[in-house]
Amino acid sequence: MKRFEFPLERLLRVKRQLERIAELELQRAQEATERARAHLQSLRDQLDSLSDKISASVGRVMAPQQWATASGMAERVGQSIQASEREVLTAEQRVLAAAQERTQLATEVEALSTLRRQQADKWQQEVQKHNQNQLDEMVQQRWQAAQGAPAVALYEAEHAA
């Protein structure tokens, strides 16, 4: 009997490969999200530090240039924080999309793997049935041969008389 062949084997291999790629993409998206969050936290820390410096100067005389520099810096950091928050949101959306893609591919791979296992089990049962039929036929032939030899001798002995 011929060996087992799964007709969708190539598709299963491709889907498994795509699943591995999706896992890598998910990992990259998660790392990018963590970097964006770390950058955002760094900017917030920078703004806190700047705020503390400005607060420490309250009640003291500050040169107009110092005030303008600190104010401008706080505004730029604030704008950077807003941009960084958008980057974090975009990165989180990429993580969700990558996770959905990976889940979809994992589901497809699992379905194809299950189908392959079912077909392999069915093929194995057919092979066992075929082998058992061959064995039964061989046993029957041997039994008939063993039964046939005395019967032929008896038949010949009866007809010879």
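The values are calculated or read from the model by the stated rules, or taken from the named source; none is laboratory data. Being a predicted model, the structure only gives us computed values, none of them experimental. Using ideal geometry, Cβ is built from the backbone for each residue, glycine included, and neighbour counts are taken over all protein chains shown. To get the accessible areas, we keep the full protein, side chains included, count just its heavy atoms, and leave off ligands, DNA and RNA. Shrake-Rupley method; radii C 1.70, N 1.55, O 1.52, S 1.80 Å.
Screening Phe6 against (1) within 30 Å of Gln125 (Cβ to Cβ); (2) among the aromatic types (Phe, Trp, Tyr); (3) assigned to a helix (DSSP H, G or I) leaves a single unmet condition, (3).
Screening Ala145 against (1) surrounded by 11 or more Cβ atoms within 10 Å (Cβ to Cβ); (2) at pLDDT below 95; (3) small (Gly, Ala, Ser) leaves a single unmet condition, (1). In the stretch 91-120, of all residues being open to solvent by 60 Å² or more (accessible area, probe 1.4 Å) and among the hydroxyl-bearing types (Ser, Thr, Tyr), the one that is farthest from Glu34 (Cα to Cα) corresponds to Thr107.
Answer yes or no as to whether Ala74 is of a type outside the set (D, E, K, R), modelled with pLDDT of 90 or more and in a helix (DSSP H, G or I). So Ala74 fails the test. Entry remark, the stretch 49-63: residues being closer than 22 Å to Ile81 by Cβ and open to solvent by 90 Å² or more (accessible area, probe 1.4 Å) number 2 in total.
With respect to (1) at pLDDT 90 or above; (2) over 30 Å from His130 (Cβ atoms), the lone exception for Glu9 is condition (2).
Note on the stretch 1-36: residues that are open to solvent by less than 100 Å² (accessible area, probe 1.4 Å) and under 13 Å from Glu92 (Cβ atoms) total 7.
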